[in-house]
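K.L.:
Below you'll find the structure I mean.
The values are calculated or read from the model by the stated rules, or taken from the named source; none is laboratory data. The model shown is predicted, which means the values in this text are computed figures rather than measured ones. With ideal geometry, Cβ positions are generated from the backbone for all residues, glycine too; neighbour counts draw on all protein chains shown. These area figures cover heavy atoms from the full protein model, side chains too; ligands, DNA and RNA do not enter into them. Shrake-Rupley method; radii C 1.70, N 1.55, O 1.52, S 1.80 Å.
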Amino acid sequence: QVQLVESGGGLVQAGGSLGLSCTASGTIFKRLGINAMGWYRQAPGKQRELVATITNTGSTDYADSVKGRFIISSHNIRTTVNLQMNSLKPEDTAIYYCAAGATTFRWEYWGQGTQVTVSS
């Protein structure tokens, strides 16, 4: 069974930085045809929203709300995806989930989430 595990969440003051990581089995993902990974977040009482995505070709995409502040990266898209979050704001507070799938429009696997809390 494919499992994604997020790490790196925590409490940080506004203006600070946090780095998140999501790991999975590269061998399993290759067999399953995983070509994209991404990060979503869900704040209390709000809908889950896309934060950033990255594909096996290296293409990246960001939500307007995090553009210029967050960086998604991966040296092996079938094993690990990272999210470096800088200049954090209280509105970034949410549970952050990593996802994987064949494309950025076909998410098939999800992590359990990691809490990010930004204090003012």
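K.L.:
When you go through (1) among the charged types (D, E, K, R); (2) open to solvent by 40 Å² or more (accessible area, probe 1.4 Å); (3) under 27 Å from Val12 (Cα atoms) one by one for Asp92, which number turns out not to apply?
P.N.:
(2)
K.L.:
Could you grab me the full set of residues in segment 95-120 that are open to solvent by less than 50 Å² (accessible area, probe 1.4 Å), under 12 Å from the mean Cα position of the chain (by Cα) and under 28 Å from Leu32 (Cα atoms)?
P.N.:
Those that are open to solvent by less than 50 Å² (accessible area, probe 1.4 Å), under 12 Å from the mean Cα position of the chain (by Cα) and under 28 Å from Leu32 (Cα atoms): Tyr96, Tyr97, Cys98, Ala99, Ala100, Gly111, Gly113, Thr114.
K.L.:
Any residue that is closer than 19 Å to Ser119 by Cβ, open to solvent by less than 50 Å² (accessible area, probe 1.4 Å) and in contact with a Lys or Arg (Cβ under 8 Å, 6 or more places away or on another chain) - is there at least one of those in segment 38-53?
P.N.:
There is at least one residue in segment 38-53 that is closer than 19 Å to Ser119 by Cβ, open to solvent by less than 50 Å² (accessible area, probe 1.4 Å) and in contact with a Lys or Arg (Cβ under 8 Å, 6 or more places away or on another chain).
K.L.:
Answer with yes or no whether Val81 is touching a residue at least 60 places away in the same chain (Cβ under 8 Å), more than 11 Å from the chain's Cα centre (by Cα) and surrounded by 13 or more Cβ atoms within 10 Å (Cβ to Cβ).
P.N.:
No; evaluated as a whole, the condition is false for this residue.
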